[in-house]
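Q: Handing you a structure now.
Every number in this text was worked out from the coordinates using simple rules, so none of it is lab data. Everything numeric here is computed off the predicted structure, so don't read it as measured data. Every residue, glycine as well, gets a Cβ built from its backbone with ideal geometry; the counts of neighbours run over all protein chains shown.
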């Protein structure tokens with residue numbers, strides 16, 4: 001395959017996107033139950049069936065993985081009662097905290113910066129950098 005930069009990289013991302021399909025199905029289930037309005041209202045706990053998938057995801061921090069799945073919060077954990085996908089067991093709950101006015105993610109630390117009271121710490125940092133604080 002001459003057009004590929006790396007077959008290994010392609011395989012890695014194929015696994016991540018396959019898991020993303022499971023996550024989307026789990027989120028849709030909770031939307032139908034009226035637990036969520038949109039995916040940013042969610043926290044997901046994921047128990048991958050495949051150790052390789054967990055190793056791949058462990059290369060990234062939880063915030064980056066949450067961004068990939070378009071949810072507010074992500075963590076690995078043992079899932080007893082949840083969505084049984086092809087690649088993982090997934091528990092979807094309401095994210096903990098307040099909604100950031102800038103990125104709309106839910107974070108328990110939103111509103112704690114007095115200079116930018118309506119935003120999460122990540123957005124506060126960006127705003128400070130933009131304004132040369």
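Q: With N set to the residue count of the chain, report its C-alpha Rg divided by 2.2 N^0.38 Å to two decimal places.
A: Working: Rg = 16.8 Å, N = 133, 2.2 N^0.38 = 14.1 Å.
So the chain has a normalised radius of gyration of 1.19.
Q: Can you sort 125, 32, 91, 105 by how many other beta carbons sit within 10 Å, fewest first?
A: 32, 125, 91, 105
Q: Please report 17, 69 as a ranked list, fewest other C-beta atoms within 10 angstrom at the top and most at the bottom.
A: 17, 69
Q: Can I ask one more? Note down the Stokes-Einstein diffusion coefficient of the stretch 78-129 in µm²/s, whole number, using a Kirkwood radius over alpha carbon pairs, 10 °C, and 1.306 mPa s.
A: Translational diffusion coefficient: 126 µm²/s.
Q: Turning to a different aspect of this structure: May I ask for the angle, rounded to the nearest 10°, between helix 121-130 and the longest principal axis of the chain, with both axes built from Cα atoms and the value confined to 0 to 90°?
A: On a 0 to 90 degree scale, this one is about 70.
Q: So for the chain, averaging the separation of alpha carbon pairs under 8 Å that are six or more residues apart and normalising by length, what relative contact order in percent results?
A: Relative contact order comes out at 22 percent.
Q: Related question: How do 64, 124, 72 rank when sorted from fewest to most other Cβ atoms within 10 Å of their own Cβ?
A: Neighbour counts put them in this order, fewest first: 64, 124, 72.
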